[in-house]
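A quick write-up on the structure given underneath.
The values are calculated or read from the model by the stated rules, or taken from the named source; none is laboratory data. As the structure is a computational prediction, the values presented were derived from the model and not from experiment. In this analysis, Cβ positions are derived from the backbone assuming ideal geometry, glycine residues included, and neighbour counts consider all displayed protein chains. Areas reflect the complete protein model, heavy atoms only, side chains present, ligands, DNA and RNA absent. Shrake-Rupley method; radii C 1.70, N 1.55, O 1.52, S 1.80 Å.
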Amino acid sequence: MNATLSPGREFATGFARDRIALGAFWILCLLLLAAVAAPWLTPQNPYDLAQLDILDAKLAPGAKAATGYTHWLGTDDQGRDMTSAILYGLRISLGVGVLSTVAALGLGLVIGLVSARAGGWIDALIMRIVDLQLSFPAILVALILLALTGQGVDKIIIALIVVQWAYYARTVRGAALVELRREYVDAAVCAGYSGARILFRHVLPNVLPPLIVVATVQVAHAIALEATLSFLGLGMPITSPSLGLLIANGYTHLLSGKYWISFFPGIALLVTIVAINLVGDQLRDVLNPRLK
Amino acid sequence: MLNFTLRRLAQSVATLFVMSLLVFTGVYAIGNPVDILINPQADQAEIAQTIARLGLDRPLWEQYWIFLKGAFSGDLGKSFAASIPAIELIFERMPATLELAFMAMLIAIVLGIPLGLLAGLKPDSWIGRGIMAGSILGFSLPTFWVGLMLIMVFSVQLGWLPTTGRGATVDVFGIPVSFLTWDGIRHLILPATNLALFKLSLLIRLTRAGTREAMLQDYVRYARAKGVPESNVVRVHVLRNILIPIVTVVGLELGSLIAFAVVTETVFAWPGMGKLLIDSINVLDRPVIVAYLLVIVFLFIFINLLVDLLYTALDPRVRLKGAR
């Protein structure tokens, strides 16, 4: 599993050395588990209208509903239990974040490898495109794309892929250029392997590990970006409410003092992002041979 | 220097050209331009007239030429909602956005550099660790949520500051500004702080890293050996040396502040061009979207060019490399 030379055990102890990172790792595991198991953990399906009672709307945290169930995090304007809504939202946020990052990583990998291998004008053209895109902030690129294409789950995933691929492509190209000059590549060429085989079977495994670390932190960025876009009303449709959409929904009630509809989804979002960042930072430190 | 400036200028023009092609493709080739540029409430005669005016019945390359001509003469169509030229609407809103962005940058600089310096000088003390923990939080907190929480605490709970709008403005050279009236400042504090938070964290990290590196250099050791007071060592030797990368980052981040203002402006209903963009997207006022796009692209290329030139003027090493 671990592509570096160090065995898994050494990696695990190295990772656990930082208590905060270890704590973040367990919190992240817990969040992932809660998101996956949301339908079994929550008292209600927040999007099944038959289970909602409008009389339970806007209950404060800790208030008891008519059914006798205690809503620990309160309810929203439809009588939706916030705990349930947050777990379902976490599911969508994490899903979109991970999916778009993995897809962008794949796309960036292929483009970066091809660019490094091809060289010449193809390489120059690809890198100019990368430079051009990276000179604009991600949020602006995503905003423009969504403004032109309209909203939807597929469109926001495409937008998140578009804003991320260039970064991977540039990193992979740099790493691949170094690898392509190594002796094992010469050996593979002598053995008569095809260019594509050398690129994807030999070079790819060597440039992948550092990239996976980068991708971990990028998931947090993708989740934050998706939440922001959803808050602006350009992201997820109302039928798949991510954490960002939940926060946006509570925005209108904030001014009347009903803070919990926005506050708790925000805390969930914050904890997720911080946990991923801490785990990513520690991964980078443990896997970085220069710090050993 | 002249050689470098000219080359960099040519590069910017090329980028502008590529971006105009991309915007054109986005609007004319992917989307249906008739839907995008013509008011859905227009009658048949009006539609036919607009198609003829924009040349939508001509071949694609000719349409691009008409689009370019329109963009350069500032004619980007009329806003459906406001019935005035879209570009005018953008320019009307621009001062509010720029004021917000500059104020946020000012807050980030005034707080970020001293805090970063402090954290860099005492990296292991509780204060250094506290500042760094704060900056990690500042990086992780989504801007829009922080904005909501600021409103919740300072406007709803404490009732100290207003939640929305720009407050009273004063005209300076015909441009309305908020920061000269007390009411305007009160309206400006929360959004500017909100927008500044991310850049503040960035500046703290940058200054801290630079300070830690500079403190290990020979010139610092020599200055100390010479008996220079510690405060002078920091001010004259450390701060001066870390200022060049900071100036660059501040310049480059100004563009991203203008982009991120979209979020802050939406949260605080600040009447800038970012809020205009979101409003226009919501009511499908597409000429305004296209106009915003072109203006922001132009602004970005301009800022990048300016920062590059400034950097070259500050650091001769870059100039030598560029001239080769």
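Using +1 at the C-beta of Lys and Arg and -1 at the C-beta of Asp and Glu, which of B:Pro176, B:Leu206, B:Pro229 has the Cα lying farthest in the positive direction of the dipole of the stretch B:174-251?
B:Pro229
Along its principal axes, what span do the Cα atoms of the stretch B:90-283 show, with the longest given first and each in whole Å?
65, 38, 31
I'd like the residues of the stretch B:129-154 whose 1.4 Å-probe accessible area shrinks by no less than 40 Å² going from the isolated chain to the full set of protein chains.
B:Ser140, B:Pro142, B:Phe144, B:Trp145, B:Leu148, B:Met152
Taking the Cα centroid of the stretch B:142-163 and of the stretch A:221-273, what is the distance between the two, rounded to the nearest whole Å?
The two parts, judged by their Cα centres, are 15 Å apart.
As a test of the definition: with a 1.4 Å probe, what buried accessible area, both sides summed, do you compute for B against A, in Å² to the nearest 100?
Buried: approximately 3000 Å² between A and B.
What average number of partner chain Cβ atoms lie no more than 10 Å from the Cβ of the residues making up B:302-309?
Partner Cβ neighbours, averaged per residue: 0.
Run a plain Debye calculation on the stretch A:170-292 (Cα atoms as equal point scatterers, no solvent) and give log10 I(q)/I(0) at q = 0.17, 0.18 Å⁻¹, rounded to two decimals, same order as the q list.
Debye intensities relative to I(0), on a log10 scale: -0.89, -0.94.
How large is ³J(HN,Hα) for each residue in the stretch B:115-123, as worked out from phi by the Karplus curve 6.51 cos²θ - 1.76 cosθ + 1.60 (θ = phi - 60°), to whole Hz, x for Gly and Pro?
The phi angles translate into 5, x, 4, 4, 5, x, 6, 10, x Hz.
Which whole-Hz ³J(HN,Hα) couplings does the stretch B:225-241 yield from phi under the Karplus relation 6.51 cos²θ - 1.76 cosθ + 1.60, θ = phi - 60°, glycine and proline marked x?
After applying 6.51 cos²θ - 1.76 cosθ + 1.60, I find 4, 6, x, 5, x, 3, 5, 6, 4, 5, 5, 7, 8, 6, 4, 4, 6 Hz.
Would you work out what percent of the accessible area of the stretch B:90-283, with all protein chains in place, is carbon or sulfur (probe 1.4 Å)?
For the stretch B:90-283, the apolar C and S fraction of the accessible surface comes to 67 percent.
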